[in-house]
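Since the structure comes first, as structure tokens, the remarks are kept for the end.
The values are calculated or read from the model by the stated rules, or taken from the named source; none is laboratory data. Just so we're clear, the structure is a prediction, and the values are computed from it rather than from any experiment. Neighbour counts run over all protein chains shown; Cβ positions are idealised from the backbone, glycine included. All accessible areas refer to the heavy atoms of the entire protein, side chains included, with ligands and DNA or RNA removed. Shrake-Rupley method; radii C 1.70, N 1.55, O 1.52, S 1.80 Å.
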Amino acid sequence: MALEVMARARAPIPLDVAFRVEPGELLALVGHSGSGKTTLLRSIAGLWRPETARISVAGKIWLDTVARLDLPTHRRRVGMVFQNYALFPHMTAAQNVLAAMDRPDRIEAERILDLVNLHGLADRKPAQLSGGQQQRVAVARALARRPQALLLDEPFSAVDRATREKLYGEIIGLRRHLAMPVILVTHDMNEAQLLADRMAVMEKGHIVHEGLTADVMADREALRALGIREVAAMLPAVVAEHLPTGLTRLDVATGALFLPGVASPPGTRLRVRIIAHEVILSKLRPEGLSAQNIIAGRIAQIVEGKGPAVTVHITIGEDEILARITRRAAEQMGLQPGEPIHAILKSMSVARDHVARFPDQG
Amino acid sequence: MDWTALELSLRLAAWTVAILLPVSILLGRTLAFRQFRGKALVEALVMLPLVLPPTVFGFYLLVAFGRSSPIGQWWQSVFGSQLVFSFEGLVVASVIFNLPFAIQPAQRGFEAIAPEVREAARCCGMSPLAALWKVELPLAWPGLMTAMVLTFAHTLGEFGIVLMVGGSIPGETKTIAIAIYDRVQSFDDHGAAIMSATLVAISLFTIAVTFWLSARVGRRLS
């Protein structure tokens, strides 16, 4: 039932990729603009044809240039969410959803709209909806097609930060309804890390790194291709209590994190994105610091790169976070794998939209 | 008041619109969405009637439709009547002469549809025909309506080419514009005034209805 893609082209954009997405899996395609991510997505949808390609879904061939087989877009079961949503402006939200159904069914359309939290807005035209609501209609319309592959082309880039934060939560919540392969095109690393199971980094039409999200995000070389230094890890945590000061206490395996503005109720399991260069390390538990979050752990490994910094992998219970420190500091401190260590993190260094629910929760 | 001439003009305008509506959908859509060799030439040809004097254009049509021309002979053999100086000939001339008024707004109407919206229609499983019917036509509608109204109003007012191709046969090719000219020539200022005023009223009404309708469509989309 997997989506298998092989595509090669020289113009208008060079492309040479082969990859596979399992059913229910979310693959993030990341890379600079012009790296070929959107072109690749369009090839899968049949909106563009590479010179040489073979694309199949669930064993059914959509495109095989060698066998001269090319299913037109409307005969591929593909759900596409466009960057600017591309809703039909003359139709209401419900009509947009109905337009994608084989057998239009108003009750089913409203069920799908409920699924994306658009209850009561079925009869509004796109122009009467906010950006976030329009994005939800676009997702609902894509799902109404009962797609065998769901393609999301930068679906969060046109909304403001607060809305994006909410929409992330909704996509995560939707995941248990998504039994098909899902591809998310994005250039936002945080977004990719919050939402994707696996990541593929594209550069000049090639996939230069591919793997589990946690592994790619810990890989300096992979991130260098994207021109970023944001090595980061996801740390699972449980909401413990909301403090009157506006901070929320989250419990992690070996201590507590105090973060601002977490809205989820106590007991919610979250994942917190911790950017490696925001983490300070100390061999002894420090006192008299302004930093609120001190978590005990153990050094798993120290990965050296070409530059003056090293990446320290720190085990926190069953989980792992990363710290970027200078090689000089690591040598002076005499850091060794297996040794206990304390990771220190400023509360304010975790952005609000770097906290996300677990996909398995309702 | 020459009611026969007015009826003839309205009939001519209605036929022209009826023929040009599908033509402008097909050709306007093709020019809006497709890139092909010779596209600029096709666009120039469509615009040509706008810049040529009606006499020049009418002269060529007269030659092309005449009894000795292949088109004229073909028409004669199929329909048993001649194409020039007949209502049918007038319709053909009117269709050709109105191409720029129909194609241009139709093309702009289709061009106003965002490419992603058309792609979204295909991703929603719509065949090209279904997409045309459910998405493209409703969205290009303001342009198409402008095209049809301009064609209708312009046909009512056309003079030169009708005179060249149709002559002035009452009930067959004598349109209201020709009738007005005839009245003026025979110093019937009163008759000319009544008919002119009628033509102004009909044209104004047609265009006002369009503006009202397109304002409604505009509200529907926002």
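Given the conditions (1) within 14 Å of another protein chain (Cβ to nearest Cβ); (2) surrounded by fewer than 24 Cβ atoms within 10 Å (Cβ to Cβ), which single one is not true for A:Leu178?
Result: A:Leu178 fails condition (1) only.
Name the helices (runs of 4 or more DSSP H) wholly within segment B:112-222 that hold at least 2 residues that are within 11 Å of chain A (Cβ to nearest Cβ)?
B:115-123, B:128-131, B:137-157, B:189-221
Check B:Leu163, B:Leu132, B:Leu137, B:Leu144 and return the single one that is modelled with pLDDT under 90 and of a type in the set (A, V, I, L, M).
Checking each option against the conditions leaves just B:Leu163.
Restricting segment A:113-166 to residues that are of a type in the set (Asp, Glu) and touching a residue at least 24 places away in the same chain (Cβ under 8 Å), which is most open to solvent (accessible area, probe 1.4 Å)?
Filtering first and then ranking leaves A:Asp123.
Suppose the filter is open to solvent by less than 20 Å² (accessible area, probe 1.4 Å), within 14 Å of chain A (Cβ to nearest Cβ) and in contact (Cβ under 8 Å) with a residue 24 or more places away in the chain; does B:Gly109 pass it?
yes
Sort out which residues of segment A:83-112 are in a helix (DSSP H, G or I), within 13 Å of chain B (Cβ to nearest Cβ) and open to solvent by 40 Å² or more (accessible area, probe 1.4 Å), and write them in order of number.
Within segment A:83-112, A:Gln95 is the sole residue that qualifies.
If you take the residues in segment A:63-79 that are assigned to a strand (DSSP E or B), open to solvent by less than 10 Å² (accessible area, probe 1.4 Å) and closer than 25 Å to A:Thr52 by Cβ, which one is nearest to the other protein chains (Cβ to nearest Cβ)?
If we take residues in segment A:63-79 being assigned to a strand (DSSP E or B), open to solvent by less than 10 Å² (accessible area, probe 1.4 Å) and closer than 25 Å to A:Thr52 by Cβ, then A:Val78 is nearest to the other protein chains (Cβ to nearest Cβ).
Tell me yes or no: at least one residue of segment B:64-83 is within 30 Å of B:Leu31 (Cα to Cα) and among the polar types (S, T, N, Q).
No: segment B:64-83 contains no residue that is within 30 Å of B:Leu31 (Cα to Cα) and among the polar types (S, T, N, Q).
Taking segment A:135-147 only, how many residues are outside any helix (DSSP H, G or I) and either of a type in the set (Lys, Arg) or more than 14 Å from chain B (Cβ to nearest Cβ) (or both)?
The number of residues fulfilling the criteria is 2.
Given segment A:1-52, what strands (runs of 3 or more DSSP E) lie entirely inside it while holding 3 or more residues that are open to solvent by less than 10 Å² (accessible area, probe 1.4 Å) and within 27 Å of A:Arg175 (Cβ to Cβ)?
Fully inside segment A:1-52 and qualifying: A:3-9, A:26-30.
Looking only at segment A:143-184, how many residues end up being within 12 Å of A:Leu115 (Cβ to Cβ) and either of a type in the set (A, V, I, L, M) or modelled with pLDDT of 95 or more (or both)?
5
For a quick check of your reading: which strands (runs of 3 or more DSSP E) sit entirely within segment A:236-308 and have at least 2 residues that are open to solvent by 30 Å² or more (accessible area, probe 1.4 Å)?
It comes to A:247-252, A:255-260, A:269-275, A:293-304.
Return the pair list, or none, for Cβ contacts closer than 6 Å from residues in segment B:29-40 that are in contact (Cβ under 8 Å) with a residue 60 or more places away in the chain to residues that are open to solvent by 40 Å² or more (accessible area, probe 1.4 Å) and not small (Gly, Ala, Ser), at least 6 apart or on different chains.
Within 6 Å, the pairs are B:Ala32/B:Glu111.
Let me spell it out: the conditions are (1) out of contact with any strand residue (DSSP E or B) (no Cβ under 8 Å at 6 or more places or on another chain); (2) at pLDDT 95 or above, and A:Leu118 meets all of them except one. Which number is the exception?
Unmet condition: (2).
Looking at (1) within 23 Å of A:Ala222 (Cβ to Cβ); (2) at pLDDT 85 or above; (3) open to solvent by 20 Å² or more (accessible area, probe 1.4 Å), which is the only condition A:Ala351 fails?
Single failed check for A:Ala351: (2).
Please find, among A:Leu167, A:Leu150, the residue that is closer than 19 Å to A:Leu3 by Cα and not in a loop (DSSP other than H, G, I, E, B).
Sole residue among the options that is closer than 19 Å to A:Leu3 by Cα and not in a loop (DSSP other than H, G, I, E, B): A:Leu150.
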